[in-house]
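Here the structure comes first, spelled out in structure tokens, and everything after it is commentary.
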Amino acid sequence: MSAQQTAEWFGSLSQLDFDIDFFEQLLARNGDSVEVLRVLAELVSKKGLVKRAVEIDRRLVDRLPNDFLARYNLACSLALAGRPEDAISSLSKAILLGYDDLAHIDVDPDLDSLRERPDFRALLGRD
């Protein structure tokens, strides 16, 4: 790609879109990179690409089944995707694996859709 083509391509992208494209390219080269998956999951979530965030978070959980942060992030993505049962299941697993920042759960906007559900409240000991 020439310098002019690069400038035209980058000039049409926001910084977030550029970052997503960059990390998607890295992922295409190394699909097993946990670091790339973590960054890309955060970026696509910021962009509101919920379906893609769920896909990436599932890949992270497949690679790191005992990582409570990967499970927590999957729960957030699932909640945003309108899949409350799956979100609560993933959140429950995150807590069982050691996620203990209940204060963050209380204010995380990604989980807003779950707050009034009895199973969510029970999970946090608030039934």
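Against the condition under 25 Å from ASP17 (Cβ atoms) and basic (Lys, Arg), how does ARG115 come out, does it pass?
Details: under 25 Å from ASP17 (Cβ atoms): no; basic (Lys, Arg): yes.
The answer is no for ARG115.
If we keep just the residues of segment 31-60 that are farther than 18 Å from ASP110 by Cβ and loosely packed, with under 12 Cβ neighbours inside 10 Å, which is modelled with the highest pLDDT?
GLU35
Please work out which residue is modelled with the lowest pLDDT, limiting yourself to segment 92-113 and to residues that are in a helix (DSSP H, G or I) and small (Gly, Ala, Ser).
Filtering segment 92-113 for residues in a helix (DSSP H, G or I) gives 92-96, 102-107, 109-113.
Checking the rest, the ones that are also small (Gly, Ala, Ser) come to 92, 94, 103, 113.
Values: SER92: 97, ALA94: 98, ALA103: 91, SER113: 97.
So the residue we want is ALA103.
Can you pull out every residue in segment 19-49 that is farther than 24 Å from GLY82 by Cβ, in a helix (DSSP H, G or I), touching a residue at least 24 places away in the same chain (Cβ under 8 Å) and not β-branched (Val, Ile, Thr)?
The one that is farther than 24 Å from GLY82 by Cβ, in a helix (DSSP H, G or I), touching a residue at least 24 places away in the same chain (Cβ under 8 Å) and not β-branched (Val, Ile, Thr): ASP19.
Do we find that TYR72 is touching a helix residue (DSSP H, G or I) at 6+ places or on another chain (Cβ under 6 Å) and in a loop (DSSP other than H, G, I, E, B) in this structure?
Working: touching a helix residue (DSSP H, G or I) at 6+ places or on another chain (Cβ under 6 Å): yes; in a loop (DSSP other than H, G, I, E, B): no.
Considered against the rule, which asks whether it is touching a helix residue (DSSP H, G or I) at 6+ places or on another chain (Cβ under 6 Å) and in a loop (DSSP other than H, G, I, E, B), TYR72 comes out as no.
SER12 - would you say it is among the polar types (S, T, N, Q) and at pLDDT 95 or above?
Numbers: among the polar types (S, T, N, Q): yes; at pLDDT 95 or above: no.
No.
The values are calculated or read from the model by the stated rules, or taken from the named source; none is laboratory data. In this text the structure is predicted, and so the values were computed from the model without any measurement. We place every Cβ from the backbone using ideal geometry, glycine too, and count neighbours over all the protein chains shown.
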